[in-house]
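The structure appears right after this line, and notes come after that.
The values are calculated or read from the model by the stated rules, or taken from the named source; none is laboratory data. Since we're looking at a predicted model, the values are computed, not measured. Here Cβ is always computed from backbone atoms with ideal geometry, including for glycine, and neighbour counts include all displayed protein chains. To get the accessible areas, we keep the full protein, side chains included, count just its heavy atoms, and leave off ligands, DNA and RNA. Shrake-Rupley method; radii C 1.70, N 1.55, O 1.52, S 1.80 Å.
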Amino acid sequence: MDGLSRYAGVIPEFDRFVEAIYRPLPTTARINGLKTGRDRLLTRLRGAQVPCSPFPWYPWGIRMGTDKPGNLLENLMGHIHIQEEISMVSAVVLDPRPGERVLDLCAAPGSKTTQIAMMMENRGLLVANDPANGRVASLRSNCERAGAINVAVTRYDGRRFPAQKFDRVLVDGPCTGQGMARKDPAVLGRWSLKRSLGLQRLQVALLKRGVEVAKPGGTVVYSTCTFAPEENEAVVSRVMERTSGVSLQEVAVPDLESSPGLAEWGGSSFGDEMKRCARYYPHQNDTGGFFVAKLVKE
Amino acid sequence: MERAEVAEMMGSRFGIPPEAFEAVSFFLRGRNVWAFSLPEVPDLDYEAVGLRFISLRGRVPKPSTYALQLFGRFATKNVVDLSSDQARKFIAGERQSMEADLEDGYVVVAHQGDVLGCGLYSRGELISQLPKERRIGEGGIENLLEGGGR
Ligand SMILES: C[S@@+](CC[C@H](N)C(=O)[O-])C[C@H]1O[C@@H](n2cnc3c(N)ncnc32)[C@H](O)[C@@H]1O
């Protein structure tokens, strides 16, 4: 339970949370609307005797009764992308539209990039940025398989992304990944407060740059897959202190249970406004853990 | 690279109507044609822009598997729909003999109406052009059941 007992006072139904965190994750994927239709894909999978059912909250997400989704023909054809259920929420909150200019600042390996490309119907511009050499290869490979033609891949340090103006920016930065424990229990052992605080500096700088390159009226979504408030509310709060003309919008996805962001933690007060962010815990929707904030620039 | 030129290549070989490419721009890099959503890219240092679409390296243009997976569904000729057994071989990267109503050259290879990728048809043989990293060895595919899978 390394690093989780500190949340006993803030996570609702903590016993259920702890129990959920040791259960393996369901196998999930996202239907790729760039290449197939939803009904067509469901019919195909059922015809091949792969049990599947759409998420209640997102029609493009499916749970599947198979252990090796990577070896499905539908994966090879790019009709599905294997992706954890809760990670689909960032792009849903970002809400990109066809024809817009969108930046995915920390994009590799491209689960959210390919989801955004699909939501943009392959139109407009989607810049997918990530400085990590090896990870960019999987980003490119995933974009190819998805059939994304509106994606341009760059490899800047996100903190110094060149001056440009985007309608929407996603900052899905590096984090301690506690919310991934159901996939890889070792993340819990690797967590330390020192690591969270070390990442916080990078996360603040990335989100700050994300806000700077958004147009007036633009939307910036910040997400992580960790529970640590040091990497979530504290980051959002720090960036909002340092940048004027940015406000938080309520994150609420119908039929997806969440808890509000924390207004205070460990003696620091972030303000009630932080409750507009969303925290997703494993026992709420039987998913991984996640945090999402939605910032809007004046 | 003019859109009309690409539409002509895809039209003459596969019967894909030019309207299919209306929202797409094409540009040449090396001997490859790339597809992108916009006629211009903003001023940034890029690792890659858009999707590799057609290779002009050989005697005839060769569409990428990714191009066919996106646009092959609009093809009206030089398309072959494989049985599950044949599809398994194709995905493993093999060649197989086949009687089919195809002209020699690159063809759209499908299974149950969905495009698997690019094949080369030559003298009664279909040779898989699936990129190596996409191939899955025989028996590896989870859901291609004996006898059609439907
Ligand atoms: C949680 S992962 C992103 C997952 C991705 N958005 C997806 O959905 O597939 C965080 C990414 O941030 C990248 N990263 C680390 N430092 C960065 C920096 N200074 N600027 C931009 N990205 C960075 C890492 O390489 C890593 O790929």
key: Counted residues, region A:44-60 - those being open to solvent by 70 Å² or more (accessible area, probe 1.4 Å) and either more than 9 Å from chain B (Cβ to nearest Cβ) or touching a residue at least 12 places away in the same chain (Cβ under 8 Å) (or both)   = 4
key: Scope region A:80-133; condition within 11 Å of the ligand (Cβ to nearest atom), acidic (Asp, Glu) and open to solvent by 10 Å² or more (accessible area, probe 1.4 Å); matching residues   = A:Glu84, A:Asp130
key: Odd one out for A:Asn142, checked against (1) touching a Pro at 6+ places or on another chain (Cβ under 7 Å); (2) without any contact (Cβ under 8 Å) to a residue 24 or more places away in the chain   = (2)
ask   = Is there a residue in region A:13-30 that is in a loop (DSSP other than H, G, I, E, B) and open to solvent by less than 10 Å² (accessible area, probe 1.4 Å)?
value = no
inquiry  = For B:Leu44, only one of the following conditions fails: (1) more than 14 Å from the chain's Cα centre (by Cα); (2) closer than 20 Å to A:Glu144 by Cα; (3) assigned by TED's automatic domain parsing to the domain that holds B:Glu8. What is its number?
reply    = (2)
ask   = Any idea how many residues of region A:280-298 are in a strand (DSSP E or B) and within 10 Å of A:Cys225 (Cα to Cα)?
value = 4
query = Among A:Ala148, A:Ala205, A:Ala137, A:Ala186, which is crowded, with 23+ Cβ neighbours inside 10 Å and not β-branched (Val, Ile, Thr)?
reply = A:Ala148
message = What's the number of the only condition in (1) surrounded by 19 or more Cβ atoms within 10 Å (Cβ to Cβ); (2) at pLDDT 95 or above that B:Glu103 fails to meet?
response = (1)
task = Provide a single number: the residues in region A:155-171 that are touching a Lys or Arg at 6+ places or on another chain (Cβ under 7 Å), near the ligand (Cβ under 9 Å from one of its atoms) and open to solvent by less than 30 Å² (accessible area, probe 1.4 Å).
result = 3
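Yes or no, residue by residue, for (1) open to solvent by less than 60 Å² (accessible area, probe 1.4 Å); (2) within 13 Å of chain A (Cβ to nearest Cβ); (3) in contact with a Gly (Cβ under 8 Å, 6 or more places away or on another chain):
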| position | (1), (2), (3) |
| --- | --- |
| B:Met9 | yes, no, no |
| B:Pro18 | no, no, yes |
| B:Arg31 | no, no, no |
| B:Leu51 | yes, yes, yes |
Filter result (hydroxyl-bearing (Ser, Thr, Tyr) and touching an Asp or Glu at 6+ places or on another chain (Cβ under 6 Å)) within region A:215-252 = A:Ser223, A:Thr224
task = Could you please find all residues in region A:209-236 being closer than 12 Å to A:Gly261 by Cβ and surrounded by fewer than 24 Cβ atoms within 10 Å (Cβ to Cβ)?
result = A:Ala234
query = Just checking, which of B:Ser83, B:Ser64 is in contact (Cβ under 8 Å) with a residue 40 or more places away in the chain, assigned by TED's automatic domain parsing to the domain that holds B:Met10, open to solvent by 10 Å² or more (accessible area, probe 1.4 Å) and under 22 Å from A:Ile80 (Cα atoms)?
reply = B:Ser64
task = For region A:260-279, enumerate the residues that are in contact with a Pro (Cβ under 6 Å, 6 or more places away or on another chain) and either on the phi > 0 side of the Ramachandran plot or not in a helix (DSSP H, G or I) (or both).
result = A:Leu262, A:Trp265
message = Criterion first (away from the ligand (no atom under 14 Å from the Cβ) and more than 19 Å from A:Arg30 (Cβ to Cβ)) does A:Ala152 satisfy it?
response = yes
inquiry  = When you check A:Phe290 against the structure, is it touching an Asp or Glu at 6+ places or on another chain (Cβ under 6 Å) and either more than 27 Å from A:Gln164 (Cβ to Cβ) or of a type in the set (Phe, Trp, Tyr) (or both), yes or no?
reply    = no
